[in-house]
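The values are calculated or read from the model by the stated rules, or taken from the named source; none is laboratory data. Everything numeric here is computed off the predicted structure, so don't read it as measured data. In this analysis, Cβ positions are derived from the backbone assuming ideal geometry, glycine residues included, and neighbour counts consider all displayed protein chains. Accessible surface areas use protein heavy atoms only, side chains included; no ligands, DNA or RNA. Shrake-Rupley method; radii C 1.70, N 1.55, O 1.52, S 1.80 Å.
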Amino acid sequence: MAKVQKIKGFADLFPEEAAKYTFMEACAREIFSRYGFGELRTPILEKTELFQKSIGEDTDVVGKEMFTFPDRKDRSLTMRPEATAGVVRAFIESKTYQPGNISKFFTFGPMFRYERPQKGRQRQFHQINAECFGADEPQADAELILMLTAFLRRIGLRDLTVELNSLGCHECRPAYKQALVDYYHAQDKAKFCEDCQRRMETNPLRVLDCKVPTCKELVKDAPVITDHLCPDCRAHFADVRAVLDGAGVAYVLNPRLVRGLDYYVRTCFEVTSNDIGAQTSVAGGGRYDGLIRSLDGPDCPGTGFACGMERLALLLGDVAPEAPDFYLAVVAPEAANEAMLFAQALRNKGLRGEVSFAGGSMKSRMRAANKSGAGTCLILGEAELADRTVTVKDMAGNREQETLDRALYLASL
Ligand code: HAM
């Protein structure tokens, strides 16, 4: 019988790789707390309609990439493809919103999209996600970008580009959409992919995000949103940029940036890297003022971002694991139980280390002690067992060793 293997696009993260994720999460906690964000954990499974109503039926994420299945009572459930919808749902359900209040949440965890796996693209991937509810001011957008770039600096990443755009609002976007439709109609419609032929009527902005090369070519000269912004959106966008300029955050204006999800208005941004292959976007986000309302919540503005941890991990160097304090070598089988109890006492004192089990030669144990990187090798053999002693070998300095009373040694730590 064939052995059971993991699902395509799903990965196991062994300690060396997992250490990078733990490091990123620790840095995010440290940086995000400076900005007043608190942790929110939401379920991985949600009702399918949550994503249909928020991300948009015309998006690739909802149209092609969701892990959706019926539960035992035939209700359609979906493994979350992103965090924002669930965070918004939780916020609405908590009924904590008061006009004028700001709520800030971050969340970490696995997301699921049925995409073709490749470098930096998995079907289960992890995001670090941040959302701010209640502020329509441009400073809230700028603050998120400042927080995101502070986090990326904190994990040691420098060579990244922030791309910035404004997508307009319900006032100015209709005219822009019309300009796009006029532009598409002036092209040879048959040259667009089937999805885009439909989208150009139902959701003209989506066509700009199509990955099909011929569509990309056809929209090269399409009108840009920044030429169609209303005065309010223009002023909003100018303030976002002014704060970023003041803080010395470099960014590139990209009037073609529309993002892959339908809920954005006004500010949107992406952080990209040229060092991780075809999937260049390491983080993305923006403002989504109508989203909470559209999910039957209060009329509350929102803005946020998410980082892709797999892509950040590709850019991180190895995160050095902390060396253990001791390696306890058992060199006589009869000392094995006592060794385990001694190691337990050491661990209760807060020390980190490993115990060899009884099998193997002295030489192989010394090799293992060296390999472990421990500062101290402790040896427990027949003589030490009888005398209630332990031989302590300094692995870091002069490699000298002495035999000490076990209880006194423990008391000295
Ligand atoms: P998104 O751009 O769809 O935005 O995803 C954010 C990041 O998740 C991407 O920049 C990328 O790094 C990572 N990512 C997406 N798909 C995959 C994949 N298949 N494999 C590996 N990494 C991936 C959102 O999800 C929005 N919810 C962000 C947001 C929060 N906007 C407002 N608040």
Please compute the Kirkwood hydrodynamic radius over the chain, one decimal place, Å, based on all pairs of different Cα atoms. 24.9
Tabulate in residue order the Karplus-calculated ³J(HN,Hα) for segment 362-372, using 6.51 cos²θ - 1.76 cosθ + 1.60 with θ = phi - 60°, rounded to whole Hz; enter x for Gly and Pro. 4, 4, 5, 5, 5, 5, 5, 4, 4, 4, 5
I want to make sure I understand the PRE zone here: with the label point 7 angstrom from the Cα of ALA18 toward its beta carbon, which residues in segment 97-129 have backbone N atoms less than 16 Å away? 109-110, 126
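For a quick check of your reading of the filter: which trypsin sites (Lys or Arg not before Pro) in segment 132-184 sit in a DSSP loop and have no more than 12 other Cβ atoms within 10 Å? Provide the component values of the computation, followed by the final result.
Values: sites: ARG153, ARG154, ARG158, LYS177; in loops: ARG158.
Counting only loop positions with at most 12 other Cβ atoms within 10 Å, the trypsin sites (Lys or Arg not before Pro) in segment 132-184 are ARG158.
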Acute angle (nearest 10 degrees) that the helix 336-348 long axis makes with the longest principal axis of the chain, alpha-carbon atoms: 50
What are the ³J(HN,Hα) values, in whole Hz, obtained from phi via the Karplus relation 6.51 cos²θ - 1.76 cosθ + 1.60 with θ = phi - 60°, for each residue of segment 161-176 in sequence order, with x given for Gly and Pro? 10, 9, 9, 10, 8, 10, 9, x, 10, 5, 6, 9, 5, x, 5, 5
Expected vector for segment 141-154, Karplus 3J(HN,Hα) from phi with 6.51, -1.76, 1.60 and θ = phi - 60°, integer Hz, x for Gly and Pro, equals 5, 5, 4, 5, 5, 4, 5, 4, 6, 5, 5, 5, 5, 4
Per q in 0.09, 0.15, 0.17, 0.22 Å⁻¹, report the Debye log10 I(q)/I(0) for segment 25-161, using one uniform scatterer on each alpha carbon and no solvent. -0.32, -0.87, -1.07, -1.39
Can you tell me the Rg and the Dmax, both Å, for the Cα atoms in segment 272-413? 25.9, 76
GluC sites (Glu not before Pro) restricted to segment 139-206 and DSSP loop, no more than 15 other C-beta within 10 Å: GLU171
In segment 150-263, what is the volume of the convex hull around the alpha carbon atoms, normalised per residue and reported in Å³? 124
Lysines whose Cα lies under 20 Å from that of LYS211, excluding same-chain neighbours fewer than 8 positions away: LYS64, LYS119, LYS177, LYS189, LYS191, LYS220
Theoretical FRET efficiency, 1/(1+(r/R0)^6), r = Cβ-Cβ of LEU351 and ALA222, R0 56 Å, to 0.05: 0.30
Projecting each Cα onto the charge dipole of segment 326-412 (Lys/Arg +1, Asp/Glu -1 at the beta carbon, about the Cα centre), which of SER361, ASN398, ALA374 comes out farthest on the positive side? ALA374
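With Cβ to Cβ distances under 12 Å as the rule, what net charge do the other residues near ARG365 carry (K, R +1; D, E -1)? Working shown, then result.
Details: positive: LYS363, ARG367, LYS371, LYS393; negative: GLU354.
Charge balance near ARG365 sits at +3.
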LYS47: which aspartates and glutamates have alpha carbons under 19 Å from its alpha carbon, excluding same-chain residues fewer than 8 sequence positions away? GLU57, ASP58, ASP60, GLU65, ASP71, ASP74, GLU82, GLU93, ASP262, ASP296
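Taking the Cα centre of the chain as origin, work out the dipole magnitude from +1 charges on Lys and Arg Cβ and -1 charges on Asp and Glu Cβ, in debye rounded to 20. Write out the running numbers ahead of the final one.
Details: 54 positive and 57 negative charges, 164 e Å.
Magnitude of the dipole: close to 780 debye.
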The answer for VAL331, listing residues at least 5 apart or on another chain whose modeled amide H is closer than 5 Å to its amide H, is LEU380, GLY381
In straight Cα distance, which lysines are under 17 Å from LYS371, not counting same-chain residues fewer than 8 positions off? LYS363, LYS393
I'd like the carbon and sulfur percentage of the solvent accessible area for the chain, probe radius 1.4 Å, heavy atoms only, ligands and nucleic acids excluded. 51
Separation between the LYS3 and ALA26 pseudo-spin-labels, each 7 Å from Cα along Cα→Cβ, expressed in nm? 3.3
Taking only protein heavy atoms and a 1.4 Å probe, what accessible area per residue, in Å², does the chain have with all protein chains in place? 50
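Pull out the extension gain between ASN337 and ASN101, defined as 0.36 nm times the separation in residues minus the alpha carbon to alpha carbon distance; nm, one decimal. Don't jump to the answer; show the numbers that get you there.
Values: separation 236, 0.36 × 236 = 84.96 nm, distance 5.92 nm.
Separation in residues times 0.36 nm, less the Cα-Cα distance, equals 79.0 nm.
Among the GluC sites (Glu not before Pro) in segment 311-413, which ones are in a DSSP loop with at most 14 other Cβ atoms within 10 Å of the Cβ? Mind listing them?
Values: sites: GLU322, GLU334, GLU338, GLU354, GLU382, GLU384, GLU400, GLU402; in loops: GLU322, GLU400.
Those satisfying the criteria are GLU322, GLU400.
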